[in-house]
Amino acid sequence: MNPQKTYSIDEAQEKLEFYCSYQERCHKEVVEKLKDMRMIPEAIDVIVVYLIQNNFLNEERFAKAFVRGKFRIKKWGKYKLTLELKKKNISKIIINLALLEIQEAEYLETFHALAEKKAETLKMSNLTVKKKKLADYLLYRGWESHLVYDKVNALIN
């Protein structure tokens, strides 16, 4: 983007329609994009309202897609998913709705497979260090601590 270029509301609106059509976006990302385009606050409000009314922008749809993608591809746990959505200013109600996209059975199956796969790669003889490395790995990925510690103790003894 040319930092000197200025956009009319119609031009900016058209750019943002494409931006939102390409991939689900949250309000925060759209507002930041408009600020980068050097739009004034009144124009930002007009464009965001237009995008919402024309279904280009939908926080619930964004949150559900985000949760499904990060869980299936990056194998993130619910804690990290919640944290990342909060960073994007998504409301607690929408976060809870989005987390319902993950079936409990699939969630636990993914967790166990991830933990077992990582445990196999840890080749140290000191069990305490091995347990810590596995726990740190799973906690970093946002899995709940009660699941992590139960699994670490079951796998490494």
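Once you have all Cα-Cα distances for segment 58-138, histogram them in 5 Å bins from zero and send the whole-percent values. Values per bin, smallest distances first: 3, 14, 23, 19, 14, 11, 8, 5, 2, 0, 0. In plain terms, the residue of V148, V46 with the fewest other Cβ atoms within 10 Å comes first and the most crowded comes last, giving V46, V148. Summing Cβ point charges (Lys, Arg +1; Asp, Glu -1) relative to the Cα centre of segment 1-77 gives a dipole of roughly 700 debye. Return one number: the angle in degrees, 0 to 90 and rounded to the nearest 10, between the long axis of the Cα atoms of helix 104-121 and the longest principal axis of the Cα atoms of the chain. For helix 104-121, the angle is close to 60 degrees. Modelled this way, with points 7 Å down the Cα-to-C-beta line, the labels at K88 and R61 are 1.4 nm from one another.
Calculated on the Cα set of the chain, radius of gyration then Dmax: 20.7, 65 Å. Charge tally for D36 (other residues, Cβ to Cβ under 15 Å; Lys, Arg +1; Asp, Glu -1): +4.
Counting only DSSP H runs of at least 4 residues, each contributing -39500 (n - 2.57), and dividing by the residue count of the chain, the helix-based mean residue ellipticity at 222 nm comes to -23000 deg cm²/dmol.
Extension gain, R72-V49: 0.36 nm per intervening residue step, less the Cα-Cα distance, totals 5.1 nm.
The dipole here belongs to segment 59-99: it is taken about the Cα centre, uses +1 on the Cβ of Lys and Arg and -1 on the Cβ of Asp and Glu, and is about 220 debye.
The stretch between S145 and L100, if pulled fully straight at 0.36 nm per residue, gains 14.2 nm over its current Cα-Cα span. Only one residue of L97, L83, F62 has its Cα farthest out toward the positive end of the dipole of segment 59-99, where Lys and Arg carry +1 and Asp and Glu -1 on Cβ, and that residue is L83.
When the listed pairs K33/K64; K88/K123; K70/K151; K15/K92; K75/K132; K74/K123 are checked against a 28 Å cut-off, the alpha-carbon distance exceeds it for K88/K123; K15/K92. In the chain, a dipole from Cβ-located charges (positive for Lys and Arg, negative for Asp and Glu) runs towards its positive end, and of I156, I9, F71 it is I156 whose Cα lies farthest in that direction. By the compact-protein rule of thumb, 2.2 N^0.38 Å, the alpha-carbon radius of gyration of segment 9-53 corresponds to a ratio of 0.98. The distance separating the Cα centre of segment 40-59 from that of segment 121-157 comes to 45 Å. Taking all Cα pairs closer than 8 Å and separated by 6 or more residues, the relative contact order of the chain comes to 21 percent.
Just checking the listed ones, N58, N126, N89: in the Gaussian network model of the chain with Cα springs under 10 Å, the one fluctuating most is N126.
Within segment 104-155, the proportion of Cα pairs with more than 12 Å between them is 61 percent. Against the chain, whose longest principal axis is taken from its Cα atoms, helix 78-87 shows a tilt of about 30°.
Readers should treat all values here as calculations from the given coordinates under stated rules, not as data from a laboratory. For clarity, every value in this text was computed on a predicted model and none was experimentally measured. Because the Cβ atoms are built from the backbone with ideal geometry, glycine has one as well, and the counts that use them run over all protein chains shown.
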